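The values are calculated or read from the model by the stated rules, or taken from the named source; none is laboratory data. As the structure is a computational prediction, the values presented were derived from the model and not from experiment. Neighbour counts are summed over all protein chains in view; Cβ atoms, including those assigned to glycine, are modelled from backbone coordinates with ideal geometry.
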Amino acid sequence: MVRENEIRAGEVAVDMPPATDAGLVFIGTIRTPWTLRLECPRQGREDGPVCRIELFEPWIEGLDGIAAYERVEVLYWLDKSRRDLVRQSPKNDGTGRGIFSLRSPVRPNPIGTSVVRLLRVDGPVLEVAGLDCLDGTPLVDLKPDRSQFRPLAPPQKGDFETA
Ligand code: SAM
């Protein structure tokens, strides 16, 4: 689904407050083969093309330890999306569905997430497979895949006690 400014049958747009982007700090840029939304996959696939995640300073040091993970969760800002449709019609068939029952890029805060396969870490650059965003999409965050992540140390007695 590629959404520019159309309203389809079954859809509802709302008046948006001015967007402030919540003061997010973009920590890098995502490089993919896709420059048009029509070309982008709807969801990334692990056998998809190799993409590059390029971290900005001063966040590069934050990659320390990430190479231990086979999979990483990537959060990105779908910056070309409209944000005002509370009901949408993905199939353009006249029936609308609420935005929070969809993974559409058109949402009030257009955060995209993908779990990608981590192929290589080369300084500030991660090579990954499994993305579905446009070339130049801003990077919001990286986290180890939750199924692989273990807390580094077990909680100690007293950790949760308050004075
Ligand atoms: N995997 C993410 C998720 O589920 O949160 C995103 C899924 S969303 C359906 C993927 C689609 O968003 C792509 O097919 C493309 O049409 C659109 N898209 C990709 N990059 C975008 C960007 N930077 N701005 C706006 N739309 C984008």
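A few remarks follow.
- All positions within segment 120-158 that are within 13 Å of the chain's Cα centre (by Cα) and either modelled with pLDDT under 95 or hydroxyl-bearing (Ser, Thr, Tyr) (or both): THR137
- Unmet criterion (only one of (1) away from the ligand (no atom under 14 Å from the Cβ); (2) modelled with pLDDT of 90 or more; (3) under 13 Å from ASP79 (Cα atoms)) for ILE27: (3)
- As a summary of the residue check, GLU57 satisfies the conditions (1) more than 12 Å from the ligand (Cβ to nearest atom); (2) touching a strand residue (DSSP E or B) at 6+ places or on another chain (Cβ under 7 Å) except for the one numbered (2).
- For THR35, the conditions (1) within 19 Å of VAL115 (Cβ to Cβ); (2) within 16 Å of the ligand (Cβ to nearest atom) are fulfilled apart from (1).
- Filtering segment 85-117 to residues that are surrounded by 15 or more Cβ atoms within 10 Å (Cβ to Cβ), in a loop (DSSP other than H, G, I, E, B) and near the ligand (Cβ under 7 Å from one of its atoms) leaves SER104, PRO105, PRO110.
- Some residue of segment 3-22 being out of contact with any helix residue (DSSP H, G or I) (no Cβ under 9 Å at 6 or more places or on another chain) and closer than 15 Å to ASP141 by Cα: yes
- First in segment 109-122 and hydroxyl-bearing (Ser, Thr, Tyr), second anywhere and in a strand (DSSP E or B), Cβ under 6 Å, 6 or more apart: THR113/LEU75; SER114/VAL74
- Only listed residue being more than 30 Å from GLU4 (Cβ to Cβ) and either crowded, with 16+ Cβ neighbours inside 10 Å or of a type in the set (Ser, Thr, Tyr) (or both), chosen from GLU73, GLU127: GLU127
- Single residue of segment 60-84 satisfying the filter (among the β-branched types (Val, Ile, Thr) and more than 16 Å from the ligand (Cβ to nearest atom)) that is nearest to GLY123 (Cα to Cα): ILE60
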